[in-house]
Every structure is written in structure tokens, then in C-alpha cells.
Amino acid sequence: MTFLTTLLSGVSQGLCWALLTLGVYITYRLLDFADLSVEGTFPLGAAVTAVLINAGVNPFLAILAALACGMLAGFCTGFLNTVCKIPPILSGILTMIALYSINLRIQAGKATVTFKKDSVKNLLSGWFSKLLHTNVNEKYISIGIGVCFALLAIILLYFFFGTEIGAAIRATGNNPFMARALGVNTSRMTVLGLMLSNGLIAASGSLYAQLEYNAAIVTMGQGAIVIGLAAVIIGEVLFCHKDHSFAYRMTAVVLGAVIYYVILAFALKVNFLNATDLKLITAVIVTFALSLPVIKGFIADRRERAANRRQYADGGADHA
Amino acid sequence: MLEMTGIRKTFNIGTVNEKQVLKGVDLHIYPGDFITVIGGNGAGKSTLLNIIAGVHKSDGGRLVLDGQDVTYLPEQKRARYLGRVFQDPMMGTAANMSIAENLAMAFRRTRTRGLRWSSGAAEAAHYRQALERLDLGLENRMTTKVGLLSGGQRQALTLLMATLQKPKLLLLDEHTAALDPKTAAKVLALTEEIIDENGLTALMVTHNMRDAIKLGNRLIMMHDGNIIYDVAGEEKRALQVEDLLKKFETAAGEALSNDRMLLTQ
Ligand SMILES: Nc1ncnc2c1ncn2[C@@H]1O[C@H](COP(=O)(O)OP(=O)(O)OP(=O)(O)O)[C@@H](O)[C@H]1O
Ligand SMILES: [Mg+2]
């Protein structure tokens with residue numbers, strides 16, 4: 001029973017981060033832009049959501065509003081980088097710290113704003129309970145919502161990156177010289193990619209607040225960038241080959257987020273570890289994921305050597 | 001076709017590294033010209049091409065392309081009119097995208113990009129046909145990532161991409177310099193074929209003086225930020241490598257006559 005509970009809670013948390021992971025994947029892998037605004041846009045999505053839900057706005061609309069605000073933040077980072085020519089990391093940091101203050105303003109100075117009206121989760125569990133005449137486990141509702149949003153995002157992104165503009169964004173990240181020589185406005189594509197990414201990340205923050213906390217917490221974004229990167233790396237290392245398709249890769253990184261949270265959920269069950277060890281566990285998981293290729297290579301190399309030794313040991317016996 | 005007047009370029013103005021690279025270049029390119037450009041290392045050949053392409057902004061002078069003043073037009077807007085192949089085979093293609101995707105990018109060089117699907121079946125047939133003429137078997141590897149191709153294959157592909165939509169001016173900057181002699185000869189032959197067939201106007205930088213004489217209808221020699229020799233037609237056809245060497249020596253002085261690259265014959 002506890003095993004299932006732990007698993008479910010890991011999966012549902014991981015799915016909240018699916019959109020963030022996709023956003024991070026877009027900037028890091030497609031645009032080749034180390035964007036740190038993430039840490040500010042994630043709680044921004046939550047803050048906007050909290051204010052709107054408490055004002056009586058439909059929680060689904062609140063997610064869209066969070067998306068729009070995230071895109072605006074992404075635009076700022078892009079503007080700093082492409083117009084003011086500030087290096088990517090610094091552009092992201094500037095947006096991030098500006099958002100710390102802005103998020104607090106949105107939350108009227110409060111570090112935590114609890115939802116006073118229904119979130120997406122409450123709304124749906126209410127519907128389903130009425131429909132099925134029984135109480136549905138909230139975790140299942142969360143997981144269902146998370147899966148739906150992740151799938152929707154993957155499908156839309158798949159189509160978007162197949163269009164002319166989408167291809168131009170990928171080319172910009174891959175080889176800006178070539179992109180410009182072929183008539184692509186690389187600055188505009190960078191801004192567009194950052195808007196898309198940060199929009200997804202804010203939507204992710206909105207979902208996280210609605211599904212996990214029923215509140216917006218201003219410190220929610222701390223470490224978000226590491227989690228996003230960890231998810232991307234775990235997904236790629238475990239599931240991806242060189243020539244896997246784009247849709248497959250996006251699914252893989254989303255699974256990376258889920259796996260990361262499942263590991264984390266079980267790690268926190270270990271007796272001598274407690275919640276304050278979270279960051280340390282994160283560091284260990286990411287380090288392990290990053291060194292997986294090296295470990296794989298080491299094992300393959302050992303095998304090859306052993307085979308080689310056997311072959312020549314046999315050869316030696318022949319000559320003797 | 002292209003009129004350059006008084007183009008000047010100085011890098012790192014106001015620092016100890018200040019270097020005047022172009023010292024007022026005037027060049028008039030006529031429609032159908034295939035010009036080969038020679039000159040020692042650092043003469044300013046690449047800078048000249050980069051100014052035409054809009055990679056660098058000139059410090060002074062005027063650039064008129066086909067009647068349109070493009071002096072201040074940004075690089076990506078000029079790209080509509082220009083085809084470019086670089087010295088570095090990695091520069092002209094996107095390694096993580098497939099051959100078809102790269103061609104689709106090139107196919108849209110002259111258009112505004114929108115939310116249309118970036119490559120359809122009809123286009124694929126067109127690309128296959130175009131690849132067939134390269135005779136490298138790439139038509140059967142359209143979904144292969146370009147990063148897996150050899151330098152020569154990538155350069156041939158870049159050439160194809162640069163001319164997929166007919167450019168007003170084709171800029172080739174030592175595009176065979178990084179290739180082995182056999183591949184270089186093949187890519188060069190292909191270049192000549194494509195230029196001939198489509199009646200392109202082209203500017204080709206090379207360090208190989210035989211190629212510079214053999215190819216094209218006009219030859220210019222650059223030295224120290226100036227065009228010091230401009231020859232076309234009969235006179236160019238009659239040129240010998242020795243003539244070029246002599247020209248270069250009188251211009252550059254004995255000290256520079258052992259320029260390693262220029263002496264490639
Ligand atoms: N971006 C830049 N910043 C500073 N200096 C530059 C820059 N680009 C070129 N230069 C300098 O300008 C001079 C001319 O360079 P350019 O690349 O045009 O020469 P080139 O004729 O193409 O030579 P090569 O045959 O070696 O390719 C060189 O001295 C070079 O150091
Ligand atoms: Mg050069």
C-alpha cells in the first residue's frame with residue numbers, strides 16, 4: 001500500500017513538471033540557450049494562477065493566463081539577449097531576479113497564497129465523484145490531468161516544430177550562421193523559442209500549484225532549473241538514441257521527469273533521509289544520470305577487453 | 001548587378017588591434033560575371049565577401065544590388081538575393097537536421113516563413129532530383145542527419161542549397177580549401193556546372209591560381225585591402241600563373257613573394 005502511494009505521488013509530481021521539462025528541452029537542446037529565467041517563471045505561473053483563481057476566474061483559464069505571462073517573461077530574456085546583447089546566462093539571471101520581486105508583488109507581498117476557490121483538480125474530482133457516485137483518489141485525478149497536459153503539449157510542439165518557423169528555430173539553435181545565410185532572423189527565432197519555453201514553464205508552475213499545493217508559494221522555483229535539466233538528461237540517457245524522432249525525444253524527457261520524481265519519492269522514504277536532504281539527493285541523481293554514458297562505456301570496454309583476452313588466450317594455446 | 005563604391009572596413013577601431021582591412025574598394029559586377037578572387041592571407045577577401053553578405057557592416061561606401069541600395073540591409077534580408085558557401089564545411093549546414101530538412105530550409109531562403117508545414121511530399125521529390133545530380137548517393141539518405149556526412153558531402157550539399165533558389169549573386173569563399181584534392185576537384189567541377197547551367201553571377205575566392213585562371217570570365221587580385229588587378233575576357237584567358245606571380249611580386253614587394261598560400265599552383 002505504501003509502495004503504491006509513494007509511486008503514485010512520485011508519478012503525479014513528475015507529471016506536473018512535464019511542461020517545465022519540455023520548456024527546458026526547447027531552450028537547452030533546440031535553441032542551445034542556457035536559460036535561467038526558469039526559476040522565476042515557474043513561480044510566476046503559480047502566482048498568476050493563485051490571484052486569478054481567488055478572483056473567481058476559471059482555473060483552466062488561469063493556466064492559459066500563466067502561459068501568457070510566462071511568454072512575456074521569456075520575451076524579456078530574449079530581448080536582453082538579442083537586443084541588449086547580454087550573454088544568455090546573465091539575461092536569464094536578470095529576468096529571474098526581477099521576477100522574484102514581481103512574483104511577490106503579484107502575491108501582494110505574501111510568500112504563500114492559498115487557493116480560496118476550486119483548482120483544476122478540485123473541479124475535476126468533484127465532477128468525477130458525481131459521475132461515478134464515489135470518491136475518486138485525488139492522485140489519480142492529478143495523474144490524469146498531468147498526462148493530458150503533457151500529451152497536449154507534446155502534440156502541439158511536434159506540429160509547431162515541423163512548420164517553417166519551427167524549423168527556423170531549430171536551425172537557429174543548431175547553426176546560426178547557416179540560419180542567417182538562409183534568410184532566418186536568428187534574433188527573432190531566439191526570442192520566439194524563449195517565449196515558447198517560458199510559457200510552458202509558467203503553465204507548469206500553474207499546474208504544480210493547483211495539483212500539489214493548492215497554493216502558490218513564492219520559493220517554489222528554487223532548484224527548478226536543476227530538476228528540468230535532470231529530467232532532460234535522465235530521459236535522454238535512458239531512452240534516446242541518435243536518430244530518434246522529435247516526438248519520441250519529447251516523450252522521453254517527460255518520462256525523465258516522472259522517473260526523477262519517483263526516485264525522489266522513494267529516496268525520501270528511506271529512514272535516515274529527510275526533506276532537508278532533498279537538494280543533496282537531487283545532486284546525486286543528476287550526477288548519476290550525467291555519468292551514465294561513462295559507466296555504460298566502462299562496462300562495454302571491460303567486456304571487449306575480456307573477449308579480446310579470451311580470443312588471444314585461445315590463440316596462444318594453439319601455438320603452444 | 002552589384003556596384004560597390006568606396007567600401008571601407010576597419011576592425012577593432014580605437015584599440016591596439018585596430019586593423020584597416022578594406023581601404024576603399026570599388027567593384028562593379030556585371031550580370032553573368034563569374035569572378036575568381038585571389039590574394040595573400042589577410043588581403044581582405046573574406047571580409048569583402050562578408051561585407052557583401054551583410055555579416056559585417058562597412059564603415060563607409062555604398063553597396064547597390066540590382067538597383068537596390070543594400071548598404072544597410074541586415075544579413076538575413078540580403079540572404080534572399082545571395083547564395084553562400086563557406087570555407088568551413090560545418091558552417092553551411094545544420095548538423096542535427098536531416099538532409100531533407102536542410103534542403104527545406106534552403107528552399108525557403110527567398111520567402112517569408114510562416115506556419116506552413118516545412119516540407120511536403122512534392123518537395124521531397126524535387127529534392128531527390130536535385131540530390132541525384134550530385135552523384136553522391138545522397139538521394140537515398142534524405143532522412144540522414146547531415147552531421148553524419150563527410151566534409152566533401154556536406155560542402156556539395158551546401159552548394160546545392162545555395163543554388164536551390166536561384167541567387168542573384170553566388171558567394172564562394174575558398175569552398176574547396178578544406179577538402180582532399182580529389183573531392184575538391186569534384187566540388188569545383190560541380191560548381192562550374194551549376195553556375196553554367198543556371199547562368200549565375202558568382203564571386204569565388206581561391207588560393208589555387210590555376211583554378212582562378214581556368215574558371216570564370218574575370219579575375220581580381222586583392223592585396224592589403226585593395227583590388228590591385230582586375231582582368232576579364234581574352235586577356236584573362238591568356239593569363240599564365242607566372243604572370244599572376246609577377247603581378248603579385250610587384251605589388252607586394254619581395255618580402256611577401258614567398259606567401260605560402262598564394263604559391264599554390
Ligand atoms: N572579425 C574580425 N575581427 C578582427 N579582425 C578581423 C576580423 N575578420 C578579419 N580580420 C582581419 O582582417 C584581415 C583580413 O582578413 P580576411 O579574412 O578578409 O583575409 P583573407 O583575404 O580572406 O585571408 P585568407 O586567405 O587567409 O582567408 C586579417 O588581418 C584578419 O586578421
Ligand atoms: Mg579568407
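The values are calculated or read from the model by the stated rules, or taken from the named source; none is laboratory data. None of these values were measured; they are calculated from a predicted model. Glycine also receives a Cβ, built like all others from the backbone with ideal geometry; neighbour counts cover every protein chain displayed. Side chains are part of the model used for accessible areas, which takes the heavy atoms of the whole protein and leaves out ligands, DNA and RNA. Shrake-Rupley method; radii C 1.70, N 1.55, O 1.52, S 1.80 Å.
Principal axis extents of the Cα atoms in the range B:109-262, from largest to smallest and rounded to whole angstrom, are 58, 30, 27. Loop-located trypsin sites (Lys or Arg not before Pro) in the range B:1-78 (DSSP state other than H, G, I, E, B) with a sparse environment of at most 16 neighbouring Cβ atoms within 10 Å: B:Lys57.
Computed from backbone phi, the HN-Hα couplings of the range A:244-255 come to 6, 6, 5, 4, 4, 4, 5, 4, 4, 6, 5, 4 Hz, rounded to whole numbers (Karplus: 6.51 cos²θ - 1.76 cosθ + 1.60, θ = phi - 60°; Gly and Pro given as x). Peptide B:106-113 shows a mean partner chain C-beta count of 4 within 10 Å per residue C-beta. Over all pairs of different C-alpha atoms, the range B:84-149 has a mean inverse distance whose reciprocal, the Kirkwood radius, equals 12.6 Å. For the range B:49-112 and the range B:193-231, write down the distance between their C-alpha centroids in whole Å. Computed from Cα coordinates, the inter-centre distance equals 19 Å. Amide H to amide H distances under 5 Å link B:Phe34 with B:Ala202, B:Asn217, B:Arg218, where only residues 5 or more positions off or on other chains count and H is placed in the peptide plane.
Take the Cβ atoms of B:Arg128 and B:Ile13, set R0 to 45 Å, and the FRET efficiency comes out at 0.35. Annotation for the range A:90-107 versus the range A:1-66: alpha-carbon center distance of 17 Å.
Taking all protein chains as they are arranged and a probe of 1.4 Å, the heavy atoms of A:Leu64 leave approximately 110 Å² accessible to solvent. Dipole magnitude for the range B:92-135: computed about the Cα centre from +1 point charges on Lys and Arg Cβ and -1 point charges on Asp and Glu Cβ, it is near 280 debye.
Counting Cβ atoms of other protein chains within 10 Å of each Cβ in A:31-37 and taking the mean gives 0. The Cα atoms of the range B:1-108 define a convex hull whose projected area, averaged across directions, is 8.5 nm².
Quick one: which of B:Lys19/B:Lys247; A:Lys139/A:Lys279; B:Lys145/B:Lys186; B:Lys9/B:Lys145; B:Lys45/B:Lys166 span more than 27 angstrom between C-alpha atoms?
Listed pairs above 27 Å: B:Lys9/B:Lys145.
Counting Cβ atoms of other protein chains within 10 Å of each Cβ in B:88-101 and taking the mean gives 4. Each residue of the range B:28-35 was assigned a 3J(HN,Hα) from its phi angle through the Karplus curve 6.51 cos²θ - 1.76 cosθ + 1.60 (θ = phi - 60°); the sequence is 10, 9, 8, x, x, 5, 10, 9 Hz, with glycine and proline shown as x. Charges on Cβ only, +1 for Lys and Arg, -1 for Asp and Glu, centred on the Cα centroid of chain A; of A:Ala34, A:Ser125, A:Ser204, which one is farthest towards the dipole's positive end? Value: A:Ser125. Under a Gaussian network description of chain B, with springs only between Cα atoms under 10 Å, the residue in B:His28, B:His126, B:His56 that fluctuates furthest is B:His126. Dimensions of chain B from C-alpha coordinates, computed as largest minus smallest value along each principal axis and given longest first, are 58, 39, 37 Å. Hydrodynamic radius of the range A:2-221 by the Kirkwood approach over all distinct alpha-carbon pairs: 17.8 Å. The heavy atoms of A:Cys69 offer some 40 square angstrom of accessible surface to a 1.4 angstrom probe.
Whole-Hz Karplus values for the range B:75-82 come out as 3, 5, 7, 5, 4, 4, 9, 10 Hz, taken residue by residue from phi with 6.51 cos²θ - 1.76 cosθ + 1.60 and θ = phi - 60°; glycine and proline positions read x.
Within the same chain, lysines fewer than 8 places from A:Lys130 are excluded, and of the rest, those with a Cα less than 16 Å from its Cα are A:Lys121.
Each Cα pair under 8 Å and six or more residues apart adds its sequence gap; the mean of these over the residue count of the range A:76-138 is a relative contact order of 17 percent.
Each principal axis of the Cα cloud of the range B:54-199 was evaluated for its coordinate range; sorted largest first, these ranges are 47, 42, 29 Å. In angstrom, the C-alpha Rg and Dmax of the protein assembly as shown are 29.7, 99. Using the empirical formula 2.2 N^0.38 Å as the baseline, the Cα radius of gyration of the range A:69-168 reaches a ratio of 1.55.
Charge tally for A:Asn54 (other residues, Cβ to Cβ under 10 Å; Lys, Arg +1; Asp, Glu -1): +2.
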